[in-house]
Amino acid sequence: MIQLGVNIDHVATIRQARRTFEPDPIAAAAQAQLGGADIITVHLREDRRHMQDRDVHQLAEQVHIKLNLEMAATDEMVKIATDLKPQMTTLVPEGRQEITTEGGLDVASQINRLKDTVSELHEAGIVASAFIDAEPKQIRAAKQCGFDACEIHTGPYAHAFWELGRDASLPKIQAELQKVKQAGQLIIQAGMSFNAGHALTYANVQPIAALEGLKELHIGHSIVARAVFTGMRQAVEDMKRLIREAASLGS
C-alpha cells in the first residue's frame with residue numbers, strides 16, 4: 001500500500017500572511033492523521049517563510065505518525081534534524097527567490113559533501129531521502145551517497161498534464177510518466193525506496209499512484225487548497241481514496 005505524506009507547509013503560509021497564530025499547522029497535522037495520512041511532511045526553509053522552528057518541534061512531540069522533514073543540506077539544518085530526530089529527512093535544493101522548489105537536488109555534483117550529510121543523519125537514526133529529477137545519473141549518485149530513498153520530482157509530469165490537455169493518455173504526458181516509471185525501476189534496482197511528489201493534484205495523481213513499486217507520495221498544496229473548502233480530514237480522505245484506487249488497478 002502506498003503511503004501518503006501530507007505536506008502542511010501552506011497551512012503555515014496562510015498563518016504567516018498575517019504573522020498571527022492561526023491556522024495552526026499542528027491542528028492541521030492532527031486532522032490529516034484522522035483523514036488517513038501516513039506521514040506528515042514539512043519543509044523548514046532557511047528563510048522561515050512558512051514553517052517555524054517551534055512548529056517542527058511541536059510536530060516532533062505530537063505527531064503520532066512518521067514525520068518527514070524536508071531541508072536543505074546545510075550545517076544549520078543538519079544540526080536541527082539531528083537534534084529533532086524526525087523519522088525521515090528529505091534533502092531538497094533551496095533558492096531564496098523561488099516560490100516553491102523548482103527542481104531536484106543535484107546530488108551528482110556534490111557527492112562527497114552529501115555522503116557526510118547522509119552519514120550524520122544515519123548516526124542520529126534518521127532515514128535519508130533525496131528529492132531528485134528522474135535522471136539515472138542522479139539515482140546512481142544518490143546510491144553512492146548512501147541515501148535510503150529517492151523522491152522523484154513529478155513536476156515535469158504535472159506541468160505537462162496541465163498544459164497539454166489534461167489527459168494522461170496523450171503521448172507527451174505519457175513520455176513524462178515513463179520517465180518517472182523508469183527512474184522508479186532504477187531506484188528499486190539500486191536497493192532504495194521509490195517515492196514521488198511535487199505538483200500532484202486530485203486530477204493527475206492516479207497515473208503516478210499506479211506505478212509499480214512506489215512506496216510513498218508526498219503531496220501538499222493541492223490537499224491544503226481543497227481543505228479550504230472541505231476541511232483537512234476530508235481532503236486527505238479524498239486523496240487517499242484516489243491513491244488506493246489507482247494502486248489496486250496498477251497492481
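For the pair Arg244 and Arg18, what calculated FRET efficiency results from E = 1/(1 + (r/R0)^6), where r is the Cβ-Cβ distance and R0 = 30 Å, to the nearest 0.05? Here the calculated transfer efficiency is 0.25.
Evaluated with a Cβ-only charge set (Lys, Arg +1; Asp, Glu -1), region 1-116 carries a dipole of roughly 140 debye about its Cα centre, given to the nearest 20.
For the pair region 121-165 / region 21-63, the C-alpha centres are spaced 22 Å from each other.
Each Cα pair under 8 Å and six or more residues apart adds its sequence gap; the mean of these over the residue count of region 113-164 is a relative contact order of 37 percent.
Among the listed pairs Lys115/Lys215; Lys143/Lys181; Lys137/Lys179, those whose Cα-Cα separation exceeds 20 Å are Lys115/Lys215.
Computed packing ranks the peptides 120-129, 180-189 as 180-189, 120-129, most packed first, by mean other Cβ atoms within 10 Å. Would you calculate a helix-derived [θ] at 222 nm for the chain, using -39,500 (n - 2.57) for each DSSP H run of n ≥ 4 and dividing by the full residue count, to the nearest 500? Here the helix-only value at 222 nm equals -15000 deg cm²/dmol.
Proximity of backbone amide H atoms, modeled 1.01 Å from N, is registered between Ala73 and Val92 at under 5 Å, excluding neighbours fewer than 5 places apart on the same chain. 3J(HN,Hα) along region 192-199, derived from phi through the Karplus expression 6.51 cos²θ - 1.76 cosθ + 1.60 where θ = phi - 60°, amounts to 10, 7, 9, 10, 8, x, 3, 6 Hz, with x in place of Gly and Pro.
Counted by Cβ distance under 15 Å from Glu61, the other residues give a net charge of -1, where Lys and Arg count +1 and Asp and Glu count -1. Counting every other Cβ atom within 10 Å of each residue's Cβ, Glu61, Glu46, Glu151 order from fewest to most as Glu61, Glu46, Glu151. Remark: region 151-156, residue by residue, has Karplus-estimated 3J(HN,Hα) of 9, 7, 6, 8, x, x Hz, where x stands for each Gly or Pro and the curve is 6.51 cos²θ - 1.76 cosθ + 1.60 at θ = phi - 60°. In this structure the amide hydrogen of Arg45, modeled in the peptide plane, comes within under 5 Å of the amide hydrogens of His50, Met51, none closer than 5 places in sequence on its chain.
If the chain linking Ala203 and Glu120 were pulled fully straight, counting 0.36 nm for each residue of separation and taking away their Cα-Cα distance, it would gain 26.0 nm.
FYI, it's all coordinate maths here, none of it is from the lab. From a predicted model like this one, the values you see are computed outputs, not experimental measurements. Neighbour counts run over all protein chains shown; Cβ positions are idealised from the backbone, glycine included.
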